[in-house]
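Structure record follows, encoded as structure tokens.
None of the figures in this text is laboratory data; all of them are computed from the coordinates on show. Just so you know, these numbers come straight off a predicted model, no measurement behind them. Every residue, glycine among them, receives a Cβ derived from its backbone with ideal geometry; neighbour counts consider all protein chains shown.
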Amino acid sequence: MSITSIADIAPHHVAPGRGGGGPAPTRIVVAYGFWIFLLSDIILFSGLFAAYAVLSSNSAGGPTGQELFSFKTAFIETMLLLVSSYTCGLGALSMERDRADFFHLFFALTFVLGAAFVAIEISEFVGMIGEGAPPSRSAFLSSFFTLVGTHGTHVTFGLIWLGYMMAQVVAKGFRGHVKQRILCFSLFWHALDIVWVGVFTLVYLMGGR
Amino acid sequence: MDGDDILHLHDRTPGVRHGEATADFWTYTAGLVFAVVLTIMSFVVAKTSLLWGPGIPVGLIVLAFAQIGVHLVFFLHMGTGPDHTNNIVALAFGMLICFLVITGSIWIMMNLHANMMPMPHPMGLR
């Protein structure tokens, strides 16, 4: 693969992607389209962030962030998601080098870390509801569960997608369109980590202080 | 796999490079190290009195933006290459919309809150 790409670069003098040299390859167009989707997803989250920022002080006499949030849990969740982003990147790298064994190893690690994140988040939610802090308790809690729950739902669907991609690699091998889907998945996973940076900063660090 | 690779080669648009290498192991590792350092800094700043009290939210926002930048560059490979021009423009537009939604909402709701008539039961919505 590296030999063909060097041979490809050699005869080509026009900067690609600026109208010279014909339309962009599928790989770049697909990544661009998926990037637009991810940005629209981030805009969805910006609405939820705005709602949380406006409503976070309205606890209606119920429990507040200081009483509910645990720094330790938030830190563990953050690290799980961050390392899963790293292993996902290494998985995509193994795919680019056609190493199916490393790909499966790193994506399995990503799945375990992501699943641990979702499990901790669910136990956190169940604990809060048990302590008398369900979403219906106050505007603060409604916006908290909506924001963090939407992120958790995205991670859960990401895990399903991840398992599906591993199965596709087993069934079909590293074909062109399978590779494109894996690249889209890794973009999705990294974007979820970016959203989580906003969540732990705004919700857990600013609200739990 | 070999046959598939050849197919893929013939499939591509003329005049365009095939499979531009964007990252290696060290890109991701450097990104992870930077992100972990920034995360730990965020938690330390929030937990201790390292920063002047009222300045802590500003410090946290700065650290969050730094970490988002690290993620974009090291994990999503946002670069300055010609392939990335469209992605960067889309990102700039997305950031503009996010900025308008978040600051606009907070600004308007703060104003409404400040101009609210005092109510006899502030918690009357229970």
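A few points about this structure:
- Of the residues A:195, A:155, the one with the fewest other Cβ atoms within 10 Å heads the list, and the complete ranking is A:155, A:195.
- In order through segment A:157-171: 3J(HN,Hα) via Karplus (6.51 cos²θ - 1.76 cosθ + 1.60), integer Hz, x for Gly, Pro: 5, x, 5, 4, 4, 4, x, 5, 5, 4, 5, 5, 5, 4, 6
- Separation in nanometres of the label points that stand 7 Å from Cα toward Cβ, at residue B:92 and residue B:48: 3.9
- Cα point-scatterer Debye curve for segment B:17-110, base-10 log of I(q)/I(0) at q = 0.10, 0.14, 0.18, 0.24 Å⁻¹: -0.40, -0.72, -0.99, -1.18
- For chain A: Kirkwood Rh in Å [reciprocal of mean 1/r, alpha carbons]: 19.1
- Listed by chain and number, the lysines whose C-alpha is less than 20 Å from the C-alpha of residue B:47, apart from same-chain residues fewer than 8 away, are A:72.
- Restricting the chymotrypsin sites (Phe, Trp or Tyr not before Pro) of segment B:28-126 to loop positions (DSSP other than H, G, I, E, B) with no more than 10 neighbouring Cβ atoms within 10 Å leaves B:52.
- Residue-wise HN-Hα coupling along segment A:71-88, computed from phi with Karplus coefficients 6.51, -1.76, 1.60 (Hz; x: Gly, Pro): 4, 5, 4, 4, 5, 4, 4, 4, 5, 4, 5, 5, 5, 5, 5, 5, 5, 5
- Positive-pole candidate from A:188, A:46, A:58, dipole of chain A, charges at beta carbon: A:188
- Taking a ≥ b ≥ c as the square roots of the eigenvalues of the Cα gyration tensor, segment A:106-157 is oblate, since a/c reaches 1.5 or more and a/b is not larger than b/c.
- Working note: Karplus 6.51/-1.76/1.60 with θ = phi - 60° gives segment A:193-203 the couplings 5, 5, 4, 5, 4, x, 5, 5, 5, 6, 7 Hz, where Gly and Pro are set to x.
- Averaged over the residues of peptide A:193-205, the number of Cβ atoms from other protein chains lying within 10 Å of each residue's Cβ is 6.
- For the segment A:56-69, counting C-beta atoms of other chains within 10 Å of every residue's C-beta and taking the mean gives 1.
- Other residues lying with their Cβ under 14 Å from the Cβ of residue B:39 contribute a combined charge of 0, Lys and Arg counting +1, Asp and Glu -1.
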